[in-house]
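No value in this document is a laboratory result; all are computed from the given coordinates. Nothing here was measured: the structure is a model prediction, and the numbers come from that model. We place every Cβ from the backbone using ideal geometry, glycine too, and count neighbours over all the protein chains shown.
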Amino acid sequence: MQSPVLFPSKNASTRPQRVAITGAGIVTALGHGWAVNAEGFRSGQTAFRTVRGFDTAGQRVQIAAEAEPATGLAESRLGEHRSRRMDRAAHLLLEATAEAWNQAGWAGSPCTVPVVLGTTSGGMGLGEAYFRRCIGQPPRSRGLATLALHYQPQTQVSDVMEALGFEGATRIISNACASGANAVGEAFEMIRNGHAERVVTGGYDALTQLVFAGFDSLQALSTTRCLPFDTRRDGLALGEGAGILCLEPMDAAHARGATILAEIVGYGASTDTHHLTQPDPSGEAALESMTEACAQAGIRPSEVGYINAHGTGTRLNDAAETQAIHRWAGDATPRIPVSSTKSGIGHLLGAAGAVEAVACIMALRGQWLPPEPEDLVPDPLCRFPVVQSPTSARFDHVLSNSFGFGGANASLVFRKA
Amino acid sequence: MMTSTRIHVHGIGVVSPAGWGVGSFREILDGHRVAPPSELPHPDGLARTVLRVPALVPRPPWMAHPRMRRTSPISQFALAATFEALGQMGMPQPCPGLGILTSVMGGGVIYSRRFYGEVLADPSTASPLLFPETVFNAPGSHLAAVLQTRARNDTEVGDETGFLTSLALAARWLADDVVPACLVVSCEELDWPNAGAIGLFPGKTLPSEGAAALLLRREPSAVELVGVSSPHRCSHRRARQVDLETIRQDLRWTSAPTTQVVRAGGSDSMNRLEPRFGEGLAATGGWACVAAVDAILRGQCQESVAVVDGSNGQTLACRFQSNRFPTEIPAVA
């Protein structure tokens, strides 16, 4: 039952509630679903190829981690006509949401569930098609209204909710590359502070020509390989996909006998005002978000068993994040393994923080550390060990960082269930 | 954690086709003048009639801030509305700890149009100066940089109702002690892609642009934000009307003559802001809230409600009340 008001919260609690993750769904270039992605992250697979979705011939770079198209969802309540109108990003979102929804065991229960998602592009592919039709010679007006409608992330999310048979308030955060982490963090706070009983959260983004060309124009794309924290690193590689989590209070999850995948215990967010696209070299805002997340989790840096870094592979990001980790961890730095899963699946922009959250949950459950390529040459400035081969480990907490254009910084802490 | 749920409005700011500031907004709200329409060229050869924000002359000092050099109008609108809400004139003053929530629907469409046009022409020469301003959170980022705040800063992409969901989140941030003060902003700019898109939907009025801002704190002020409704979804996209009575019950506002209702965002033009200010997408929801708060500030009512019908088939409302008059208005559940 949905509260009749968003504010004030009817059930706001004075005692923080523990937040359980009872469902997770994922689509990346590694494949569709938990099993194939878990094996890909564990073994350090890479999934880059020449982009097929649009023409990259005139650009410096032609490589990205492109996901295989979704095959369609058998249980979708959308008709074929409506499903056809969904673009690539919406299909990625639908598939990941369906996996999380089913894993949580929420399917079949009539419910109203708020949705908090992150994306940078939404239906940008449809927006590009709209633009091309308008400037074409002659311009084509047929279908423009449909493109304008489905370009909007709210329509995409609404379609997904309808396909899975639930409804609720939607909130779509677009904080550039931190969008997915911010969405998960704010969904976590909704449950923790008693503002909601269940939340679907995560992030999604599909590769689009405008965004690909944008990063290429900034010369931020690697012309070789994406090698975060490598001394030879020369840029990032883009990817696409979706990561979705189902959150609920720990007590409620226990009461209904749900499988608890992990617990979210901390969220920190801050704003780096240094520059629109470049991080503060001192890592000050990143330090703040990491510190806030761990303070909320009630843990010291030495209790973090693995950091899933933002680690884009650009000179500036990795240097600033390295500084932030050193300042945050202090003497514990040499004992905290760090890696960036972007070396395998690319930078998923608005989906990155959410997909990397799923990767962290997989690592916690499997007790392994996602490696970067074995031939990586760690930057000597890094005082932390960069994971370079499939590694088993015993650990209880993971920290995941996401930093974005505009200075959006977010950190999440997960605890083993 | 939540210690108090009483949230108050400490400032309002607005940029609209009426001009820059609440003063010009009131002139059109009160019917003393109308915003002049203009023509916006479209690649199909048919110019669209739109309501644009008039040029700001002379340029205010904050336009000289390094972050503002390459910004497009959407960021300038957002900053102007913000400074008015903060009560700042001249050069901006630092506001450390200020949370910011920005809502957009079209976002930075001017730079997006220019950049994608360059990509289609020749991607190897597309300008790296344009791309960063195309991201949805560019205006929110500029606000944080100019105001020197490193606190929470979210950009929400939605429809006309985005300002109201941001109000609800801001109130929760304040109630949960996440930030000591929170600015809620909505902003839009016009270019042919969104002006053309608005014209594709029946019943819409002239496309327009601008921004609105509300500053919220827990400390008492003349106007209190009493509640924000959950979204009511319409059964069909074309039937955007949600029964006002349903929302009235949710927010428990009285039907007394002391209550003023401002409605915006729908496809009909009855008693709405749009005939005067045009279809300003996300800015429209902000204008409705500014108009509702301003009605209380001007002593026109003791209680006001902004009801906003979103283009994506949902309706939200928020209720404000005066703190100057002791009332028997029932609290929201």
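Couple of notes before you dig in:
- With the simple model of a label 7 Å out from the Cα in the direction of the Cβ, A:ARG256 to A:ALA295 spans 3.4 nm.
- For A:PHE384, residues with placed amide H under 5 Å, excluding near neighbours: none
- The range A:351-360 - phi-based ³J(HN,Hα) in whole Hz, Karplus 6.51/-1.76/1.60, Gly and Pro as x: 8, 4, x, 6, 5, 5, 5, 5, 4, 5
- Each of A:VAL377, A:VAL211, B:VAL307, B:VAL290 was scored by other Cβ atoms within 10 Å of its Cβ. Arranged with the fewest first, they read A:VAL377, A:VAL211, B:VAL307, B:VAL290.
- Of the residues B:HIS65, B:HIS42, B:HIS32, the one that moves most in a GNM of chain B with alpha-carbon contacts below 10 Å is B:HIS32.
- GNM flexibility winner over chain A from A:GLY118, A:GLY143, A:GLY72 (Cα, springs under 10 Å): A:GLY143
- GNM top mover of B:VAL178, B:VAL293, B:VAL261 - chain B, alpha-carbon springs below 10 Å: B:VAL178
- By the beta-carbon count within 10 Å of each Cβ, the least crowded to most crowded order of B:ILE74, A:ILE244, fewest first, is B:ILE74, A:ILE244.
- Neighbour counts of other Cβ atoms within 10 Å put B:CYS95, A:CYS360 in the fewest-to-most order B:CYS95, A:CYS360.
- Shielding by other protein chains, A:271-279, mean Cβ within 10 Å: 6
- Pairwise Cα distances in the protein assembly as shown exceed 39 Å in 29 percent of cases.
- DSSP assigns beta bridges within chain A; of those with both partners inside it, close to 70 percent run antiparallel.
- Among the chymotrypsin sites (Phe, Trp or Tyr not before Pro) within the range A:1-66, those in coil by DSSP and having at most 16 neighbouring Cβ atoms inside 10 Å are A:PHE54.
- Normalised radius of gyration (Cα atoms, divided by 2.2 N^0.38 Å) for chain A: 0.93.
- Ellipsoid fit via the Cα gyration tensor, the range B:7-217: semi-axes of 28, 21, 17 Å, each the root of five times an eigenvalue, largest first.
- Between the range A:20-65 and the range B:181-236, the alpha-carbon center distance in angstrom: 36 Å
- Percentage, to the nearest whole number, of Cα pairs in the range A:266-416 over 29 Å apart: 6 percent
- Amide H partners (placed H, <5 Å) of B:ARG48, local residues excluded: B:LEU40, B:HIS42
- Across chain B, the relative contact order, built from alpha-carbon pairs under 8 Å that are at least six residues apart, equals 23 percent.
- C-alpha center-to-center spacing [the range A:167-222, the range A:257-302] in angstrom: 15 Å
- Each part reduced to its alpha carbon centroid, the range B:16-67 and the range B:69-116 end up 15 Å apart.
- Length-normalised contact order of chain A in % [C-alpha pairs under 8 Å, at least 6 apart]: 24 percent
- DSSP-loop trypsin sites (Lys or Arg not before Pro) across the range B:62-110, with at most 12 other Cβ within 10 angstrom: B:ARG69
- Net charge over other residues, Cβ less than 12 angstrom from the Cβ of A:GLY235 (K, R count +1; D, E count -1): +2
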